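Each remark here refers to the structure printed beneath this line.
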Amino acid sequence: METIATITGQEKVEFYFNDEILMEGPASEFFKEGSLHGKNIPLGIGDVFEVIDPKDEITAFRVMELQEDIYESGEIHTIKYFVVADDNKE
C-alpha cells in the first residue's frame, strides 16, 4: 500500500466514485484517532474503507488512485481519492 506522509489535518479531502464527488471535507474529519491508520495519517492506494449511508447500509470502497494538490511552499492543500466499490471483505 502506498500511503502519503503525515498531514496537518487542515487539508481538504475529496473522494470520487464514478467520476462524481462521493464526499468531501477537512482532513481532520476523515483522519482522526481510531481511523484506518490513525490521526492525520491518510489512506493509501489499495486501502479499503467503509461508508454508512443514511439508510444505515454499509458500502466498502477501495482507493485506486490519489492526487495531491500542492501549494508552492510544498504543503498539500487538497487530497483527491478515486475509489471503486470493493466487494471483497478483507
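The values are calculated or read from the model by the stated rules, or taken from the named source; none is laboratory data. Here the structure is a predicted model, which means the values were calculated and not measured. Note that each Cβ is placed from the backbone with ideal geometry, even for glycine, and that neighbours are counted across all protein chains shown. Please note that ligands, DNA and RNA were not included when accessible areas were found on the heavy atoms of the full protein model with its side chains. Shrake-Rupley method; radii C 1.70, N 1.55, O 1.52, S 1.80 Å.
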Of all residues in region 57-90, which are of a type in the set (D, E, K, R), touching an Asp or Glu at 6+ places or on another chain (Cβ under 7 Å) and touching a residue at least 60 places away in the same chain (Cβ under 8 Å)? Lys80
Residue, surrounded by the most Cβ atoms within 10 Å (Cβ to Cβ), within region 79-90, restricted to residues that are at pLDDT 90 or above and not aliphatic (A, V, I, L, M): Tyr81
Counted residues in region 16-40 being at pLDDT below 75 and not charged (D, E, K, R) come to 6
Odd one out for Thr3 among (1) at pLDDT below 80; (2) within 12 Å of the chain's Cα centre (by Cα); (3) open to solvent by less than 30 Å² (accessible area, probe 1.4 Å): (3)
Taking region 46-76 and the residues there that are open to solvent by 60 Å² or more (accessible area, probe 1.4 Å) and assigned to a strand (DSSP E or B), the one that is modelled with the lowest pLDDT would be Ile70
